[in-house]
Every structure is written in C-alpha cells, then in structure tokens.
1. Would you mind finding the one in 500, 480, 484 that is farther than 26 Å from residue 43 by Cα and assigned to a loop (DSSP other than H, G, I, E, B)?
2. Considering 448, 444, which residue is touching a strand residue (DSSP E or B) at 6+ places or on another chain (Cβ under 7 Å), at pLDDT 90 or above and either among the β-branched types (Val, Ile, Thr) or open to solvent by 70 Å² or more (accessible area, probe 1.4 Å) (or both)?
3. Taking the stretch 133-151, which residues are open to solvent by 40 Å² or more (accessible area, probe 1.4 Å) and among the small types (Gly, Ala, Ser)?
4. Among the residues in the stretch 212-229, are any within 30 Å of residue 58 (Cβ to Cβ) and acidic (Asp, Glu)?
5. Which numbered condition trips up residue 463, out of (1) open to solvent by less than 70 Å² (accessible area, probe 1.4 Å); (2) more than 17 Å from residue 295 (Cα to Cα); (3) at pLDDT below 90; (4) not polar (S, T, N, Q)?
6. Which condition from (1) under 20 Å from the mean Cα position of the chain (by Cα); (2) at pLDDT below 95; (3) among the aromatic types (Phe, Trp, Tyr); (4) open to solvent by 10 Å² or more (accessible area, probe 1.4 Å) is the one that residue 293 breaks?
7. Of all residues in the stretch 218-238, which are assigned to a strand (DSSP E or B) and farther than 16 Å from residue 116 by Cβ?
8. For the stretch 298-325, name all the residues that are touching a residue at least 60 places away in the same chain (Cβ under 8 Å) and not in a loop (DSSP other than H, G, I, E, B).
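The values are calculated or read from the model by the stated rules, or taken from the named source; none is laboratory data. Please read all numbers here as calculations on a predicted model, not as lab measurements. In this analysis, Cβ positions are derived from the backbone assuming ideal geometry, glycine residues included, and neighbour counts consider all displayed protein chains. In case anyone asks, the SASA skips ligands and DNA or RNA and just uses the protein heavy atoms, side chains included. Shrake-Rupley method; radii C 1.70, N 1.55, O 1.52, S 1.80 Å.
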Amino acid sequence: MRPASRPARLAPALVLLTLLVAAGPAQAQTSCVGGTAGTYACEGVDLLANLPRSTFTPDAPTRNNDLWGWTDPQDGSEYALVGLNNGTAFVDVTDPMTPVYLGKLPTATSTATWRDIKTYADHAFIVADGAGAHGVQIFDLTRLRDVQSPPVVFTADANYNGVSGNRPNSSHNIVIDTEAGLAALVGSDDCAGGLHLADLTDPVSPTFQGCYSGSGYTHDAQCLTYSGPDPDYAGRPICAGFNTDRVVFVDVSDPTNPTLISEGFYPSPSYTHQGWFTEDQRYVLVDDEIDDFISATTRTIVLDVEDLDNPDFAFAYFGPLEVTDHNLYVRGQYAFLSNYEGGLRIVDLSGIDSGTLVEVASFDTYPQGNAESYNGQWSNYPYFESGTIIANDRDNGLFVLEASGIALPSEPAAPAAAPVLSAPVPNPSSGRSAVTLTVPEPVEIVAEVLDLQGRRVALVYEGPATPAAPLALTVDGRDLPSGLYLLRVTGPRFTATRRLSFVQ
C-alpha cells in the first residue's frame, strides 16, 4: 500500500507543478498498453510521471546521472535523490503520479559527469568524480519535510574532509553498509583508488578508518553485513569491489585493517563496472560496461559465491538488445538493469540455480534509439516499499514507474514457472554432451553454442519446445577447439545458459 501524501505541505507545491505542466515539461501517467506507453516502448511497466531535465532549474543540468531514494521513517514519504551534472535534486514521489520538485543542492565545486548518492541515518552522502576538491557533501534529509515554497536552493550540512583533514578531491562512488554504519569511498584520490573506509556513527562527522588498495582501482562496490551461505563470514561486514577486470571480496570487519578474502574472475572481462548480491547472497550479478563490443547483446555475469574464498563463474545472461549495460540492483527475485539506450530491463532470478534468467518486464526511457552508447538510462532505484520504481535518464530526466506485471516482496506472489535447462552430461566432454530443456508453455526456441566472447560457433536447435516432454538437445563439440563454451537457449521471454567444457 502506498504511503499517504501530506496535503498541507504539498498544497503550494501542487500549484507550482500545475504551472510546470502548463508549460509542458512534465509527462503524466501513461499505462503500458500493447507494448507502448505514449512514445516509450514497454512491457509490464507503466509510466507514472516524467520530469525532464528542464524541470531542475535554475541552471538546468546538461545531463542527469546517478540516483538513490530515501523513505522518511516518520511518515513513510518517499523521495528521489536525483544526480545531476551540476548538483543533486530532491523530488517528493510519495504521490508518484504528481511528483514535486523540492529543490537542488548545488555541486560543491564544478560540474561533474559522475555524481553518486547513498543514504544512512536520514542523511544523504554525495560524491563527484572529476569535479576538483568536492569531497563528500552531507545533507540532512529530514529538512525535506519542511519545504514550504519549492523549489529551493539547499546548502550542505557538512563536508567530509577525509584522511588527516585533507578532503578527497574526488571519488567516483560511495557505498554504505547501513547495518554496520560504514561507508566506502571508491575510485577516490585516497587509498590508491581502492576502498576508503569511514565510520558514520556521527553522520555529519565521519571518521576515517582505513584503506584497502591491494587489488587496484575500485570503480564501484557493494558493502554489507554478510548473511550468506558461507559460515566463515557470518555477521562480518564485507565489501564486493568491482575492479575493472575482476570482483574483489574484502573483509572489513576491522575497517582499520581490511583484508582480502578472494578475487573472482570471469571470461573476457572488458570493464568490470558494477554489481549486486542476490538476496540470499549466494550469487553476485556483475555488469561489464563495455563488453557489448565483444558480445552481440548485453551480458550479465553470474558469479557463484557460495564459498566466498573461492568465487566461481557460473554463467552469463545475454539480454535481448545490442546496447550498453550500466547499473543493476536486486530486490527479491528480480534484478533491475539500467541499460543506457535500452532503458530499464527487469529480469526474474528465480531460475538462477539452473542457469536460467528470464526478462519479465521493461521500460525504454530513451525512445531516440537502441545503440551501443552512453546515452539514455544511467541508473534506477527499486527499493521503495510502495513499489514505485524511479529511473534516471541522462537525456530525458527522472522517470517514475510502476511494474504492474510483477509482484515485489511487499506484495508477495508465487513466481511463475520458469524454463529449466539441465546440466550438461558429460561435462567436460571429448565429444557430445546431452542437455534437456523443460518449458512451462509451448514456445519457439533457439539453442546455440557461444564462445566466451559471445560469438556463435554452432547452432544446436531451432524450433518448438512444448511442456509435454523435456526437449533433448545434443551438443557436438568434436569439431570445436578445446576450451570453455556457453550453451545459450533463447525463447521469446527468457534466456537460459549452461557452461560447457570440451577437451580434445
């Protein structure tokens, strides 16, 4: 159920919004019908509202970038924290069909292509990359409750000055373990670009704890207090760092002396950009930002981290479009992928143990095209209790969405049956391997063998599959060089993958 709005505070803002709509910058609710919502291609996702870049005046940004969300614990109101190249905008999305732009916190220094925001203890922590001595802007989000005449220009409540009073000039990103109250700046001028760890016990006065720089530059990370299947690390704060060509797992339970747990690798890395644990912390999903130049479509890497000391490449999920992938997040059984010109892609993870991921919904915030570029949707935030999803498009602004075709954890529902692709037998093989595909409904499928660059090297089967009986597939590797391959089976709304090894 959506949190109730607060008419007394919103009344003046609604007057402003009426003026904005009259001027033409905002787009109102449009349901997804027949594959479109107005000018936007979609599947199972409705458009509730769109605030274009011109909304965020004065000094409208030339590009939007990252975003995050905050829910007010006092009354459940929901806010979008919108990254702009020239600051951070705050938008009340409690009534998602009538979002209210409350105001902007200008950048601490100059404009920045990369701005990132996270929250802890009702404060926003904002970093910028390539913006000089920006440091970490700290903003008390409870101030959003009392905005009377939006939009206003905000000032920061504090700025974190980093190691020994020297403010980090820039950080590419900031991540926060909200259970441990521990922040990690990554890609900063401190700690050789690795993890710069800070205690947030006093959120307006963070204290530096230590560095981890033993695995090179960290572009992005996820830090959490571990509750996954490896008993050796139960209850410990850890960080998964995405380090351009690998995923690095670091024990930060003693943040003054962080230690390497392991490094996870996968085939043909181009730029290990960002990723997220599944809810049970058994797997990590990884987006490799520029592997679209070696893979026919977007590729999402799945690492099996049941044993954190020995992470293993499980399989790769290939999306439906030849675009560039960017940030992804996981909520419940779904992954929410922001794929630049491809927009938001929602993938069902319920078949992950059998190597099957299924795209179940989508919304293309960039109708201008579907190409491999850095235009379009930068990021999304799927964690509001109401089910509202926000997405930030570099070119087309803030989108407020609702995935009407799926049930998020706050509205539990039994997952639909997913296709199941069995493990190959034998594997490794010096000749043929047998695989079966079980589908819940009749579909047309294509089964093909790919090399680790995503290029087809063999067509196994193209035709119908029915639920009457498992479809037997035989993969003949006798003419293939020794090595690792992927068997990919694609249907209208799913992709299932298994790893194959041939030894000649």
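1. None of the other options fit; the residue is 480.
2. Numbers: 448 fails: either among the β-branched types (Val, Ile, Thr) or open to solvent by 70 Å² or more (accessible area, probe 1.4 Å) (or both).
Just a single option satisfies the conditions, and that option is 444.
3. Correct list: 133, 149.
4. Taking the stretch 212-229 first, the residues within 30 Å of residue 58 (Cβ to Cβ) are none.
Checked against the condition, which is being within 30 Å of residue 58 (Cβ to Cβ) and acidic (Asp, Glu), the stretch 212-229 yields no hits at all.
5. (3)
6. Every condition holds for residue 293 apart from (1).
7. 224, 225, 237, 238
8. 299, 313, 314, 315, 316, 317, 318
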